[in-house]
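A short worksheet on the structure shown next.
Each reported figure results from applying straightforward, stated rules to the coordinates on display, with no laboratory input. In this text, all values refer to a predicted model and were calculated from it rather than measured experimentally. Cβ placement follows ideal geometry from the backbone for every residue including glycine, while neighbour counts extend to all protein chains displayed.
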Amino acid sequence: MARGVNCIAPKTIMNLIMLISVLCLCTKSVEVEAQASRLPAAEVEALNETATQVGKKDWNFSIDPCSNDKNWNTQSADLSLYENSLICNCSNPDGFCHVVRIVLKGQDLAGVLPPSAAKLPYLTRVDFTRNYLTGTIPREWASTKLEYLSVNVNNLSGPIPGYLGNISTLTYMSLKNNYFSGTVPPELGKLVNLNSLILSANNLTGELPPALTNLTKLTELRISSNNFTGRIPDFIQSWKQLQKLEIQASGLQGPIPSNISALSNLTDLRISDINGTGSEFPPLSSMTCMEYLLLRSCNLSGRIPTYISAMNRTLKTLDLSFNRLEGDIPDLAALTKLKHLYLTSNLLTGSIPNWIKGRDNQYQIDVSYNNFYPSSEPACGREYLNLFKSFSARDKSSFGECQNSYPCPEGNNISFRFKI
């Protein structure tokens, strides 16, 4: 009897082992299937279509898109240049995960913006910055609940679609560095929740539509490097929450409207290369939190206002180059955070102030091409200070004095860089 038991036992044990193995495999299979089913099949299919449309060839659909696997989320030291990120929200009452964010920056994608993104009902953020995408923004996106839309630095063209005004949930929209043309559609005035509108570096023309006055929540507006016509509109006073305003080489004409004084929350104001009627320095005394003030080639005349010194806690850069400003440089010694001062090509007179001469090489100061007269203490020989052709033609001794005091060392090639 014992011998019989001994003969049967190994076979029984093997059967048990095989049964356990099968059960483990089944359990594993169920787990994988459950894992894969975290994202609804319709959204998986939408992602598949999206990959085809944009030209994304390295998404691995054998791996759960919501698993945070490196195939779907590639880490980068500099996310501003490259990012491969798909984010899901898995805390939904229906028990499923849903795609809420697609970020494909710097992927060299050469397709089109994907109409199939509209099939992802929970999608709130898309970013296709720095690719080679062509065409325009799909009409299908008008039905989405996007909050963040960035398609910077692509090859998109044609008019900015008016149906973008139907995406009422948008808070951020950036279309810069593309080939969009035509006028800004008035339908964008329906985006009343918009905080940031960035249209720089396109081929936009015409005047800004008055409907943009409805964008009262704007904190950032950038429309530089376009071909707009007409004057800088008076309705900019409607954007009282603005913190950043950029109108550089936009094609718009001056003068800078005086009601810009209503924008007391501005911390970054950059206006340049405006033609048309000149004006005196705009009233900016209410902007005490200014960090970057650039009014370059704006056809400004009169004196530099002394109230700029009241921006002493925040101002880092002041650029008033290529205007017709005259008189002395005011005392701005209180601007302890000021690192960059550019006053080149004006009609400034008087002496180079001692507070400028006393700065060290941490600063960049350019007062070239003005009409200063020399003081008893030469201001030359300072690496941070550009004085080229800064003195009145009536006194030609200053440049010679600088040459004699600071001759170029023989055998050395020395050059300094200044922004002009």
Report ³J(HN,Hα) in whole Hz for each residue of region 197-205, in order, from the Karplus equation J = 6.51 cos²θ - 1.76 cosθ + 1.60 where θ = phi - 60°; Gly and Pro get x. 10, 10, 10, 5, 6, 10, 10, 6, 10
In Å and from the alpha-carbon atoms only, list the Rg and Dmax of region 195-253. 10.6, 27
If R0 = 51 Å, then residue 237 and residue 74, at their Cβ-Cβ distance, give a FRET efficiency to the nearest 0.05 of 0.70
Amide H of residue 348 versus every other amide H placed in the peptide plane: which residues, excluding those fewer than 5 positions away on the same chain, fall under 5 Å? 371
At 7 Å along Cα-to-Cβ for each site, give me the label-to-label distance between residue 168 and residue 48 in nm. 3.5
Region 67-107 versus region 205-244: alpha-carbon centroid distance in Å: 33
Sorted by average packing, counted as other Cβ atoms within 10 angstrom per residue and highest first, what order do 64-76, 243-255 take? 243-255, 64-76
Would you mind checking 190/240; 105/176; 57/105; 57/119; 119/244; 70/176 for any pair whose Cα atoms are more than 23 angstrom apart? 119/244; 70/176
Apply the Karplus curve 6.51 cos²θ - 1.76 cosθ + 1.60, θ = phi - 60°, to the phi angles in region 337-349 and return the couplings in whole Hz, x for Gly and Pro. 9, 5, 10, 9, 10, 10, 10, 4, 6, 10, 10, 5, 10
I'd like the distance separating the alpha-carbon centroids of region 133-147 and region 250-275, in whole Å. 31
Show me the ranking of peptides 97-103, 183-189 by mean Cβ neighbours inside 10 Å, starting with the highest. 97-103, 183-189
